[in-house]
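What follows is one structure encoded as structure tokens, with my remarks underneath.
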Amino acid sequence: PRLHDKIQHFARFPQTGVSLKQMVLFGQKPSAATMFKASQFLHEELPIRLAHRVKELEEVSFADMPSIIKVKNWYAQSFQELIELPPPTISRKMKEDFKRGARKSKDYFDCVPNHAFPPRQSTSQPYPIGHRYYNNIQHVQCTPEMTMYTEEMVRTIEGIKQRHDPVVTTMAQGILEYKEKTHATSFLDTQVQQFLDRFYMSRIGIRMLIGQHSALYRGPFYHNDYVGVICTKTNIKEIALDAIANARFICEDHYGLFKAPEVHMFCPADIEFMYVPSHLNHMIFELLKNSLRAVIERYGSDYEDIYPPIKLVIAHGKEDITIKISDEGGGIPRSAIPMVWTYLYTTAQVQELEPEFNKTEFKAPLAGFGYGLPTSRLYARYFGGDLKLISMEGYGTDAYLHLNRLSNSDEPLIM
Ligand code: W6P
């Protein structure tokens, strides 16, 4: 009850977006002071985002499904852990130092525009110091208390990230419970669809913030081209080759093939751009699995040498990098395209992630109808890109993965 009031309070504050560019500017050569400031930002921002999710999980039509309640409780528990984390004790002099540091810094930029926040309702949760400007401060010293605070914050958010690992599967379970209870026939329920898109998009954002903070604190794991989990010179060709090898391997394993359909890549040059390699890998891998599945299911698994190859074309312009993946897997009718993006339609993810389920009972109606496609589109949109499908029924499907080369798009918080 007390906790619930606090959640309601935090849910009234708007979420503050962080763009890829801001994360990179902020994360270059992070000092102890920089990490401290980032910790303060997360100490406020994460509870706000979590509170919004709890509120929405309470309001959605399937709010009373056991699995949905389970997920909601994880969000509430994580919220509680964050707000119970004691704020650092800082002297007036330290506060002044921080403010001066922020003003002097050359690469001074707004990471968190203060005006995004409405006026405070109570003084019991004051804004942290240095709230207005989050820049990389090299010349401000940290006290041991501040360093301890940073350390504890990192430990807490890493624990939260782990707690929320099974959220997608558990939500899928909850949707299944809802379908069984209501015998839902409208799989394109737009309210549910919008809720889930927003929910999973928010999850990507929260995990990005946590992953970035933890990587900056624990790092450098990688070489110079990395700022946390962001690679400033992501080589799309290398990632595509890796995803091709993995998808074909998985496919050979799953269908018991000697040789999966070939994937022919057309890439003009070594294109480098700023991105999160794991996101890129996830999206290309997911699309390839769908194409491979379509081709194999069309031609059967007994004629391995007649499979038409899948074409993967990478193009780059000033603004966009586009990856087109074309298969000759027979395509899908235009009327079935909207289904590809729905969460209610399928049980494929539950089947994929929990092998103890009876597979025949949970057979996906058409190739590719899992959570992989909608979540890949969210990953694409998260940094200002998009994912589109064009299908020719009776022939094959083209998937267009558009990525934003300039990476100056704002973090999408409301869709
Ligand atoms: C299909 C269905 C699909 C979805 C996503 C990507 C590729 C394909 N191919 O037949």
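The values are calculated or read from the model by the stated rules, or taken from the named source; none is laboratory data. Keep in mind that what you see is a predicted model, and the values were worked out from it rather than measured. When we count neighbours, we look across all protein chains shown, and the Cβ atoms used for this are built from the backbone with ideal geometry, even at glycine.
Output yes when any residue across segment 251-260 is buried (at least 18 other Cβ atoms within 10 Å of the Cβ) and at pLDDT below 90, and no when none is.
no
Check E286 against each of (1) at pLDDT below 90; (2) closer than 30 Å to G174 by Cα; (3) not hydrophobic (A, V, I, L, M, F, W, C) and name the one condition it does not meet.
For E286, the exception is condition (1).
Taking segment 55-70 as the search range and keeping residues that are free of Cβ contacts under 8 Å to residues at least 12 places away in the same chain and of a type in the set (D, E), which one is surrounded by the most Cβ atoms within 10 Å (Cβ to Cβ)?
Only one residue fits best here, namely D64.
Scan segment 206-239 for residues that are surrounded by fewer than 18 Cβ atoms within 10 Å (Cβ to Cβ), touching a residue at least 40 places away in the same chain (Cβ under 8 Å), over 21 Å from T150 (Cβ atoms) and not polar (S, T, N, Q) and jot them down.
Passing the criteria: K233, K237.
Would you please name the residue that is nearest to L387 (Cα to Cα), looking only at residues in segment 272-294 that are surrounded by fewer than 24 Cβ atoms within 10 Å (Cβ to Cβ) and of a type in the set (A, V, I, L, M, F, W, C)?
Ranking the candidates gives F285 first.
Where in segment 296-387 are there helices (runs of 4 or more DSSP H), lying wholly inside it, with at least 1 residues that are within 22 Å of H254 (Cα to Cα) and at pLDDT below 85?
348-353
For segment 241-295, which positions are of a type in the set (G, A, S), part of a loop (DSSP other than H, G, I, E, B) and more than 15 Å from the ligand (Cβ to nearest atom)?
Of everything in segment 241-295, those that are of a type in the set (G, A, S), part of a loop (DSSP other than H, G, I, E, B) and more than 15 Å from the ligand (Cβ to nearest atom) turn out to be G256, A269.
Can you find, within segment 1-30, the residue that is surrounded by the fewest Cβ atoms within 10 Å (Cβ to Cβ) among those that are basic (K, R) and assigned to a loop (DSSP other than H, G, I, E, B)?
Ranking the candidates gives K29 first.
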